[in-house]
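For reference, the structure discussed in these notes is given below.
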Amino acid sequence: MSGALRELAHMAGIYDDYWDQKGTRRATGAATDIALLTAMGFDASSEEATEATLANLKAEAARRALPRWLIIEPDCETRHALAQPAEAIRLLHEDGSAKALPTGPDPILPAGSEIVVPPLPVGIHVLSVDGEETTLLVAPAAIPLPERDWGVTLALYGLRSAQEGGLGDYSDLAEAVAALGRAGASFVGLNPVHAGFPNDKNAFSPYSPAHRRRLSTMHIALGEDRPTDGGTLIDYAEILPAHRAALETAFTRFEAKGGDAGFDRWIAAEGGSLERFATHQALSDLHGPYWCNWDESLQDAHSPAARAFREAHPREIRFHCWLQWTAEQQLQAVSDTAEAAGMHFGLYLDLAVGTHPHGAETWSDGSVFAPSVSLGAPPDAFSPDGQCWALAPFNPHALAAMHFRPLAETLRRQMRFAKLLRIDHVLGFERAYWVPTDADAPGTYVVMPREAMLAVVRIEAARAGATVIGEDLGNVPDGLQEAMSRSGLLGCRLCMFEQPEHAEFRKPEDYTEAALASFGSHDVPTWAGWRAGLDIEVRHDLGYLDEEGYSNGLEWRRSEVAGFDKLAGTNGDGPDALHRFLGSVKSRLVALQLEDILGVKEQANLPGTVDTHPNWRRRLPVGVKALDGHPAVLAAAKIMKESGRQE
């Protein structure tokens, strides 16, 4: 490996080695550096190109009078020393206005001089110094911690009518929110409701979205036109085409009645972002869900062919705009229902860690994403070759060049409907594991602008009055949790994993205060399933565990259950003692899982499986209307009230 290549990779934030969870040092090499540098937009195709790219980066750094970004508190005058002489200094406000900053009697400020930035409101502003831009992230120092409270998480797709219905929709969600709000829950949590791939019957994982700033349309409520199918498992191949046909019929009726002036105003306000998304969706109807398989002339949202298609298909574009407008209206109605029920937070939404590399988001706004790499995880005991999640990551250099606005807009979209937001795999704010997908090279970590990204979170949370939770589970890098705590972000604490160094389970008083605590999550067993070792049995039945591993796994689980029972006073009779334990933990927020309340054994998703396990397909055992006044729901609410988590 040449010295120039490694120096360039170091400047770009690419690790040349790291320590995995087993304490093994993993080193990469030139192939990884070249693949990741290329994904970032740096030319490392030859020794000469690498040296030229390195020289350009050094020259750019030397020209800068100020850093790429500064984090400052709102409504405070700040002073910043110039590393280089400066002549023209302009402040570009977030609202589009601009003004020149005074430089004093001399037209050129010498290096070492201080410039005075006037007090600014919360937001993302830009300071231009002789054409070099510095992002001003004006953010409160921290998000206020919430009071002790509780809520319920549930699977939107699993909500059903009493007749075992179809696919859970936004009207079902409104009923569930109203019922749980009346019981005393302060929030209702969901898996991501990002836009997906309605043309792919197998692409229903909520964590592999097509676009995170648009909504899933498969949950649009259709009233009496709602398609249904029987059974406890959802048959997406049957129900999605029927749902799409019903949506098209509903749109035809909408247009025949003359449309809606509010819809037209909404389209105008959404602008080019919506237009590009709708164009992608219309193209998907004709050419398939993934743009990598389209004609090359259509693979760029700004190409002449894409523009020509848009002009030639106005009705199809309008249809997909209408779908988004309808989904937004219905989700807003859910949020309004929560407010009417007196819920402090209302919806608790989930932001996926990345987006599908060939979906609407990368097609519409591809410049901020790194191509030909995927987010993933390094090798561990369960995945000796590491994991590739098929999710496109933000390119940190492009994100900074765009003043972090794509991240801000993504967060803002979620907080329009929710006062509680979970950021999936927040470890990616510190470092993200990138896996080359077009090169035979191992993956490695890439440094992310942690402090800037946390400042953006604080900006958007302050605007929305929201609380933010970061999913900080797994191989947590040093310093991240402390940085989250300083920013007022809550962590995640799962009871089943709260065993420091595999010793006894953590006592309630030892739980992290700035956290949301729950027994498990969508990726691990339910309370009943965990006690029975059902996840171990399933992995054995699927061939992932041999007989020895199966036997050892069940023995270890029996010891875990016994240990938790001893601490929490739980038993196999139901979840009440578990809920009392959760109510007593030090963490500010507690989430009860509806599956645990209702005694469901099977888990929603078994990581590492695609079609060998019915992931994201299980319906709840009771209809949504039955949740209102359901004895198990009322029992859980009573325990939360007795724990001091409900006024």
* To do: Tell me, please, whether a residue that is touching an Asp or Glu at 6+ places or on another chain (Cβ under 7 Å), free of Cβ contacts under 8 Å to residues at least 24 places away in the same chain and either under 30 Å from P144 (Cα atoms) or not in a helix (DSSP H, G or I) (or both) can be found in segment 618-639.
  => no
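How about segment 264-283: which of its residues are within 16 Å of L215 (Cα to Cα), of a type outside the set (G, A, S) and open to solvent by less than 10 Å² (accessible area, probe 1.4 Å)?
Step one: of segment 264-283, the residues within 16 Å of L215 (Cα to Cα) are 266-267, 270, 273-282.
Among the residues that remain, those that are also of a type outside the set (G, A, S) are: 266-267, 270, 274-277, 279-281.
Matches in segment 264-283: L274, F277, T279, H280.
State the number of residues belonging to segment 326-355 that are outside any helix (DSSP H, G or I), under 18 Å from P206 (Cα atoms) and of a type outside the set (G, A, S).
Initially, segment 326-355 is screened for residues outside any helix (DSSP H, G or I), giving 341-355.
Imposing the further condition that a residue be under 18 Å from P206 (Cα atoms) reduces the set to 347-355.
From what is left, the residues that are of a type outside the set (G, A, S) are 347-351, 353, 355.
The number of residues fulfilling the criteria is 7.
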* Condition met for T467 (at pLDDT 95 or above and open to solvent by 50 Å² or more (accessible area, probe 1.4 Å)) -> no
* What's the number of the condition L159 fails, among (1) aliphatic (A, V, I, L, M); (2) free of Cβ contacts under 8 Å to residues at least 40 places away in the same chain; (3) in contact with an Asp or Glu (Cβ under 6 Å, 6 or more places away or on another chain)? -> (2)
* **Sole residue being open to solvent by less than 30 Å² (accessible area, probe 1.4 Å), over 30 Å from the mean Cα position of the chain (by Cα) and not acidic (D, E), chosen from A256, A261, A250** => A250
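Within segment 329-354, track down each residue that is open to solvent by 20 Å² or more (accessible area, probe 1.4 Å) and under 30 Å from R431 (Cα atoms).
Pass one, segment 329-354, residues open to solvent by 20 Å² or more (accessible area, probe 1.4 Å): 329-330, 332-333, 335-337, 339-342, 344, 353.
Of everything in segment 329-354, just one residue is open to solvent by 20 Å² or more (accessible area, probe 1.4 Å) and under 30 Å from R431 (Cα atoms), namely V353.
Being under 30 Å from W150 (Cβ atoms) and among the aliphatic types (A, V, I, L, M) is the requirement here; does L331 meet it?
Answer is yes for this residue.
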* Check off (1) more than 27 Å from Y433 (Cβ to Cβ); (2) in contact with a strand residue (DSSP E or B) (Cβ under 9 Å, 6 or more places away or on another chain); (3) not charged (D, E, K, R) for N56 and give me the number that stays unchecked. => (2)
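Can you pull out the residues in segment 473-491 that are open to solvent by less than 10 Å² (accessible area, probe 1.4 Å), closer than 24 Å to D20 by Cα and touching a strand residue (DSSP E or B) at 6+ places or on another chain (Cβ under 7 Å)? Even if it seems obvious, please write down each step before you answer.
Here is the first cut: in segment 473-491, the residues open to solvent by less than 10 Å² (accessible area, probe 1.4 Å) are 480, 483-484, 487-491.
Narrowing the set further to residues that are closer than 24 Å to D20 by Cα leaves 480, 483-484, 491.
Across segment 473-491, the qualifying residues are M484, G491.
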* Does segment 363-378 hold any residues that are surrounded by 24 or more Cβ atoms within 10 Å (Cβ to Cβ) and part of a helix (DSSP H, G or I), and which are they? -> W363
* Asked: Would you pick out the residues in segment 601-620 that are touching a helix residue (DSSP H, G or I) at 6+ places or on another chain (Cβ under 9 Å) and within 19 Å of P209 (Cβ to Cβ)?
  -> A604, W616, R617
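Hey, any hits in segment 244-265 for a residue that's among the hydrophobic types (A, V, I, L, M, F, W, C) and farther than 19 Å from R315 by Cβ?
At the first step, the residues of segment 244-265 found to be among the hydrophobic types (A, V, I, L, M, F, W, C) are 245-247, 250-251, 254, 256, 261, 263.
After this cut, where a residue has to be farther than 19 Å from R315 by Cβ as well, the list is none.
No, because not a single residue in segment 244-265 is among the hydrophobic types (A, V, I, L, M, F, W, C) and farther than 19 Å from R315 by Cβ.
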* Structure fact -> Okay, strands (runs of 3 or more DSSP E) sitting entirely in segment 379-464 with 3 or more residues that are open to solvent by 10 Å² or more (accessible area, probe 1.4 Å) and within 25 Å of A30 (Cβ to Cβ), I get 431-436
* Structure fact -> By residue number, the members of segment 581-613 that are part of a loop (DSSP other than H, G, I, E, B) and open to solvent by less than 30 Å² (accessible area, probe 1.4 Å) are V585, S587, V600, Q603, A604, N605, L606, T609, H613
* Subset tally (residues that are over 22 Å from the mean Cα position of the chain (by Cα) and either aliphatic (A, V, I, L, M) or outside any loop (DSSP other than H, G, I, E, B) (or both)) for segment 175-201 -> 9
* What single numbered condition from (1) more than 24 Å from the chain's Cα centre (by Cα); (2) closer than 21 Å to R244 by Cβ; (3) of a type in the set (A, V, I, L, M, F, W, C); (4) surrounded by 19 or more Cβ atoms within 10 Å (Cβ to Cβ) fails to hold for L286? -> (4)
* **Filtered residues of segment 122-134 (kept if in contact with a helix residue (DSSP H, G or I) (Cβ under 7 Å, 6 or more places away or on another chain) and open to solvent by less than 30 Å² (accessible area, probe 1.4 Å))** => G123, I124
* **Which listed residue is touching a residue at least 24 places away in the same chain (Cβ under 8 Å) and at positive phi, from A390, A301** => A390
* Within segment 514-527, track down each residue that is in contact with a strand residue (DSSP E or B) (Cβ under 9 Å, 6 or more places away or on another chain), open to solvent by 20 Å² or more (accessible area, probe 1.4 Å) and not aliphatic (A, V, I, L, M). => S521, H522
* To do: Sort through G479, G491, G465 and tell me the only one that's under 17 Å from P144 (Cα atoms), touching an Asp or Glu at 6+ places or on another chain (Cβ under 9 Å) and not aliphatic (A, V, I, L, M).
  => G491
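The values are calculated or read from the model by the stated rules, or taken from the named source; none is laboratory data. Remember, it's a predicted structure, so these values are computed and weren't measured experimentally. Cβ sites come from the backbone with ideal geometry, for glycine too, and all protein chains shown count toward neighbours. With ligands, DNA and RNA removed, areas are computed over all heavy atoms of the protein, side chains included. Shrake-Rupley method; radii C 1.70, N 1.55, O 1.52, S 1.80 Å.
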